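Every read-out reported here was derived from the displayed coordinates using simple, explicitly stated rules and does not represent laboratory data. Everything quoted here is computed from the prediction, not taken from an experiment. Here the Cβ positions follow ideal geometry from the backbone for every residue, glycine too, while neighbour counts run over all protein chains shown.
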Amino acid sequence: MLWTRTLIPTMKESPEGAEIPSHVLMLRAGLVNQVMAGAYTYLPLGLRSLKKAERIVREEMDAAGAVELSMPSMSSRSLWEQTGRVAAFGDVLIQLTLNRAGRKVNVVLGPTHEEIITDLVSRQINSYRQMPITLYQIGPKFRNEERPRFGVLRTSEFLMKDAYSFNASVESLGESYDAMYKAYCKIFTRCCLPFLPVEAESGPIGGDASHEFMIPAENGEDSVLHCAACGYAANQEKADVGSRDCTPPTDVAQKPLTKIPTPGAHTIEQVSAFLKCKPQKLIKTLIYVADGQPIAVLVRGDHDANEGKIRRARKASKLELASPEIIEKVTGAPVGFAGPVGMKEKIPVLADRDVERMVNAITGANENEAHLVNVNPSRDFTPDVYADLRNAVDGDPCPRCSERLALRHSIEVGHVFKLGTKYTEALNAKFLDADEQLRPIIMGCYGIGMNRIIAGLVETSHDADGIIWPMSLAPYEVVLTLVKVPDEASMKAAMELHEQLTAAGVEVLLDDRECRAGVKFKDADLIGIPLRVVIGDRGLKEGKFELKWRWTKDAEKIDVAGAAEKIADWVRAERQSGERFRSRQTEG
RNA sequence: CGGGGCGUGGCGCAGUCUGGCUAGCGCGUCUGGUUUGGGACCAGAAGGUCGCAGGUUCGAAUCCUGUCGCCCCGACCA
């Protein structure tokens, strides 16, 4: 491809508003163009990379035995009502009303495709002999995000690979799940992404086992806890806190319980500021409603309660924070002054393990504008149960090996989970088993955010000059930098090399713009093509081209004769292995 | 939805507080010339309803009201 024949609008300055590296560089390198908040055009360069990611995903899905199909973005709302997801998605679900011959037709734009594929399968699969089967597609998804942000990392329309497995048994589901898990590892490895599979909650989508594939990155929206010692990794919602000493220290004297007025202080920040103490001196008392029953949950002031853990501790299926009315009824005080003392007589009290060893703590007094100081567990209150009820934080003990967990921000690029029968039961997808019993089909589902592969790569692989693509995702594999366009010998050599490389199956971009060499070098670095060949009169006099990898500092010279074969060989090798790219990463 | 910021040629910005010449600057684009290995120089040119609407005023990019859009933080979230 000739540079002057395609569209690569590079920019020296980054557009106002772009802040994180992937967003800035994708705009500056002319990969994408913003249409509105959360919607982007993929320009030729960006689209080429996206298509390459798609190809890798297809190859690995096919190799793992999955079969591709394609489902529409539009579907009837009634299908989504059957699974309760019109309500579950809320405003995130994009709904349209169409006029058809005077009738109103309610349509949703698919945020994911469980309903549609399960509806299909309910008609087409009815015997255990037709399973296991895994079906996938790569297509657009629509989600009216509350706040699209970070360039293409969070958008209202995005490209997703979604796969769904249908199994006759839980064991079979496990095998399908493992196959997808392994395929994901191969995909992200081929994309040269530094990924980390982490244990995850399955979230509102339901199910009982799930892993997220994360790319550790400063600007990631998700938090994971990772143990460098044993490899344990889980997202913050899921991560367990390992065992630690929870017995109260014996060398600190317990002071007498005292009630003090705290006018206007009803948040942890306000109370700690008012009493000039750290939040970890406070016990946060949260009133939840678990399956209709109000309960009190105690965590240290600087910790966050974890609803999944609370739900499990109570074996509750539904859990939500109590309304101000219920809180007032239960505690006898407005929101902000709840405390555990005397609470046990009224409602169940659950406390996080870290609360047990607190001494002379501060809590609400269950009375307007008042707190208790020098509250001591056991002496002043005893919860019904101590359990792990909070989000893990940086430095917590690992649940496996007790070393310290490290908190890392990350970008979620993939998610695999075992769904079970949530959708198949709702949509009546049953099959006849070998023992002639009618059973619901067991499902798994597996997603990859295609745009996040691209953004995640840019986010983790760039330098001051621009993007650094691995060969496997680069929009072009080789850029030919023609130093002097008017020089006939140079142009002839460039065209010949371009032709030879193209014939050898190498993706080449020839920079034939009539501008100074410096501009071309800067742009080549910005768009990040892995291999650059400089064609100039200086080198040609010696019968040489100059060759440089994007991530190395120095160029090497190669003979014009036989250059195409050599370059093609290197490109092919690097395309497969990514070895050179990775060695640069470890160098920092 | 709460808090903050912004909207002026394709891109980045100044001008707005304190209303007043023909709305500027840098980059980019076009023409001509000199250049030519890490974002050249000279000369000239094109390109703007100052987000939109209404109002105040002799006069509005600037003041007032409304509205649309964009970005950041938070809340929320496969």
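Points worth noting:
- For the range A:515-558, the list of GluC sites (Glu not before Pro) that fall in a loop by DSSP and count at most 14 other C-beta atoms within 10 angstrom reads A:542.
- Any cysteine of chain A lacking a neighbouring Cys Cβ under 4.7 Å - listed by number: A:185, A:191, A:192, A:246, A:277, A:445, A:515
- Under 19 Å from residue A:12, Cα to Cα: aspartates and glutamates that are on another chain or at least 8 residues apart: A:459, A:463, A:465, A:511, A:514, A:523, A:525
- Proximal lysines relative to residue A:104, as straight alpha-carbon distance under 28 Å, when same-chain residues fewer than 8 apart are discounted: A:141
- Loop-located trypsin sites (Lys or Arg not before Pro) across the range A:1-45 with a Cβ neighbour count of 11 or fewer within 10 Å are A:12, with loop assigned by DSSP.
- Global geometry of the range A:355-447, whether rounded, prolate or oblate, following the gyration tensor of its Cα atoms and the 1.5 cut on a/c: prolate
- Cross-link pairs beyond the 21 Å C-alpha cut-off, checked among A:238/A:315; A:52/A:186; A:281/A:346; A:238/A:344; A:492/A:520: A:281/A:346; A:238/A:344
- The residue among A:99, A:25, A:78 whose Cα reaches farthest toward the positive pole of the charge dipole of the range A:1-127, with charges on the beta-carbon of Lys, Arg, Asp and Glu, is A:99.
- Proxy reagent accessibility, fewest Cβ within 10 Å first, across A:79, A:405, A:350: A:79, A:350, A:405
- Filtered GluC sites (Glu not before Pro), the range A:336-434: DSSP coil and at most 13 other beta carbons within 10 Å: A:345
- Assigned charges on the beta-carbon of Lys, Arg, Asp, Glu; the range A:58-110 dipole about Cα centre (debye): 560
- Overall form of the range A:1-96 per C-alpha gyration tensor (a/c, 1.5; a/b vs b/c): oblate
- Kyte-Doolittle at least -1.0, axis length at least 27 Å by Cα - qualifying DSSP helices, chain A: A:44-63, A:170-190
- Simple rule: put +1 on each Lys or Arg Cβ and -1 on each Asp or Glu Cβ in chain A, find the dipole, and look at A:341, A:126, A:215; the Cα lying farthest toward the positive end is A:341.
- Convex hull of Cα atoms in chain A, direction-averaged projection (nm²): 34.8
- With contributions of -39500 (n - 2.57) from each DSSP H run of at least four residues, the per-residue ellipticity at 222 nm computed over chain A stands at -8500 deg cm²/dmol.
- For the range A:376-461, the residue among A:389, A:449, A:419 whose Cα projects farthest onto the positive side of the dipole built from Cβ charges is A:449.
- Volume per residue for the range A:437-588 equals 156 cubic angstrom (convex hull of Cα atoms).
- For A:31, A:282, A:2, A:473, order by how many other beta-carbon atoms lie within 10 Å, fewest first: A:2, A:282, A:473, A:31
- Volume of the Cα convex hull of the range A:409-498, divided per residue and given in Å³: 190
- The ranking of A:141, A:278, A:346 by Cβ neighbour count inside 10 Å, starting from the fewest, reads A:278, A:346, A:141.
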